[in-house]
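S.K.: Below: one structure in structure tokens.
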Amino acid sequence: MPSGTWDCHTHVFGPYERYPLAEVRTYSPPPASIADLQDHLSALDLDHVVLVQPNSHGVDTRAMMHALEVFGGRARGVTVLDFEMASADHLRSLREAGIRGVRLNLHTAGTPDSTVAEAAFDRAVRLLTGTGLHLQLFASVALLSALAPRISESPVPVVVDHMGMALSGAGEIGEVAKLITDAGCWIKLSAPERMGLPPADARVHRLVDEYAARAPDRIVWGSDWPHSALTHTRPPDQTEPFRSVDDRSRLRTMKEWLGTDLYQRMLCDNAHTLYA
């Protein structure tokens, strides 16, 4: 591995006796500790990590913030906000603590209509303008299409989760990649299985190639560790086990697809620009 590598999408869960899950949630994952995350990074020989606030912890960010403190300068975070309570001072303090973005999840808890999504996006951009924080979107292609004019004009950088969910029954790969990259988005090349495809599928390969060709300086990689269930079939009060995923194999596949230069830019240079 080159030096200065980043895993740009991970989560910690618990410990639940200190940091319980949100009362209203769609699923209950097992605990995933700071030590477990350290083992994940060591196994892949990765230097830096981005912690993303998971939906199942709601707006209680204590577990993630504690992990940021433990990891120190090795980690950065993407948080969620209670937009009614956020202030300029609060946002400044978050950046000082290692937060680099705010996540707007328009997917996990149910996809809103475009009017609701546009209002949420506008409110987030107003709040984040001038703070040095970016906006991370987890949304369907349909919503990203509806938001594209706003994203193009946004003074706040926008990062799209999980390849923009571009292969989830949307249009042609090239059209989707053009939509997202022309809007100026950063793209996380992560979790292709959330689009219903195996990670080494030829369609995923074509999508990665499209993003790399159109936005070589705005692609980053995330493992989506610890790999929570793709569909939540159990009641929220029952634990759903994590999936077994070979992240090293996924990185090898990315290197084969991108070549050495783009692979290093994705894992190191681009991630450093976005999160350092």
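S.K.: Per 0.36 nm of contour for each residue apart, how much would the distance between Asp209 and Val245 grow if the chain were fully extended, relative to their Cα-Cα spacing? Walk me through the numbers on the way to the answer.
M.R.: Values: separation 36, 0.36 × 36 = 12.96 nm, distance 2.26 nm.
Roughly 10.7 nm would be gained on extension.
S.K.: Once the other residues with Cβ under 12 Å from the Cβ of Ile173 are scored (Lys, Arg +1; Asp, Glu -1), what is the net sum?
M.R.: On the way: positive: Lys178, Arg203, Arg206, Arg214; negative: Glu172, Glu175, Asp201, Asp209, Glu210.
Summing Lys/Arg as +1 and Asp/Glu as -1 gives -1.
S.K.: What FRET efficiency do you get for Glu175 and Glu69 if R0 is 41 Å and r is their Cβ-Cβ distance, rounded to the nearest 0.05? Before the final figure, lay out each step's value.
M.R.: Numbers: r = 43 Å, r/R0 = 1.05.
The calculated FRET efficiency here is 0.40.
S.K.: Which listed residue (Ser93, Pro29, Ala117) has the Cα farthest towards the positive end of the charge dipole for segment 1-117, taking +1 on Lys and Arg C-beta and -1 on Asp and Glu C-beta about the Cα centre?
M.R.: Ser93
S.K.: Between Ala148 and Asp39, what is 0.36 nm times their sequence separation minus the Cα-Cα distance? Round to one decimal in nm.
M.R.: On the way: separation 109, 0.36 × 109 = 39.24 nm, distance 3.83 nm.
Length difference between fully extended and current span is 35.4 nm.
S.K.: Once the dipole of the chain is set up with Lys and Arg at +1 and Asp and Glu at -1 on Cβ about the Cα centre, which of Gly164, Gly130, Leu51 lies farthest towards its positive end?
M.R.: Gly130
S.K.: Something else now. Please compute, over every Cα-Cα pair in segment 165-265, the percentage with a separation greater than 16 angstrom. Before the final figure, lay out each step's value.
M.R.: On the way: 2986 of 5050 pairs.
Here the tail beyond 16 Å accounts for 59 percent of pairs.
S.K.: Where the only charges are on Cβ atoms (+1 Lys, Arg; -1 Asp, Glu), what is the dipole of segment 56-187 about its Cα centre, to the nearest 20 debye?
M.R.: Values: 11 positive and 14 negative charges, 87 e Å.
That gives segment 56-187 a dipole magnitude of about 420 debye.
S.K.: Here's another thing I want to ask about it. About its Cα centre, what dipole magnitude does segment 75-145 give when the only charges are +1 on Lys and Arg Cβ and -1 on Asp and Glu Cβ, stated in debye to the nearest 20?
M.R.: Details: 7 positive and 7 negative charges, 66 e Å.
With only Lys, Arg, Asp and Glu charged at Cβ, the dipole is about 320 debye.
S.K.: What order, most packed first, do the peptides 225-236, 51-62, 75-86 have when packing is the mean number of other Cβ atoms within 10 Å of each residue? Don't skip to the answer; put the middle values down first.
M.R.: Working: 225-236: 15.2, 51-62: 19.8, 75-86: 17.7.
Peptide ranking by packing, descending: 51-62, 75-86, 225-236.
S.K.: Using the Cα gyration tensor of segment 2-98, with a ≥ b ≥ c the square roots of its eigenvalues, what is the shape: rounded (a/c below 1.5), prolate (a/b larger than b/c) or oblate (neither)? Kindly include the intermediate steps, with their values, before the conclusion.
M.R.: On the way: a/c = 2.20, a/b = 1.22, b/c = 1.80.
Oblate is the answer for segment 2-98, as a/c is 1.5 or above yet b/c matches or exceeds a/b.
S.K.: May I ask you to list, by number, the DSSP H helices of the chain whose Cα span along the axis is at least 20 Å and whose average Kyte-Doolittle hydropathy reaches 0.0 or more?
M.R.: Details: long enough: 114-128 (21 Å, 0.57).
Once both thresholds are applied, what remains is 114-128.
S.K.: Based on alpha-carbon centroids, what's the gap between segment 1-32 and segment 33-103 in Å, whole number please?
M.R.: Centre-to-centre (Cα) distance: 9 Å.
S.K.: Once you list every other residue whose beta carbon is under 11 Å from the beta carbon of Pro236, what net charge do they have if Lys and Arg are +1 and Asp and Glu are -1? Numbers along the way, then the final one.
M.R.: On the way: positive: Arg25, Arg234; negative: Glu23, Asp237, Glu240.
The answer is -1.
S.K.: Gaussian network model of the chain, Cα springs within a sub-10 Å range: biggest mean-square fluctuation belongs to which of Ser140, Ser87, Ser223?
M.R.: For the chain, modelled as a Gaussian network with Cα springs under 10 Å, the answer is Ser87.
S.K.: Just checking my list (i) 45, 42, 38; (ii) 74, 46, 34; (iii) 65, 43, 39 against Cα extents along the principal axes in Å computed from this structure; which label fits?
M.R.: (i)
Each value in this text was obtained by applying a stated rule to the coordinates, not by laboratory testing. These numbers come from a predicted model, not from an experiment. When we count neighbours, we look across all protein chains shown, and the Cβ atoms used for this are built from the backbone with ideal geometry, even at glycine.
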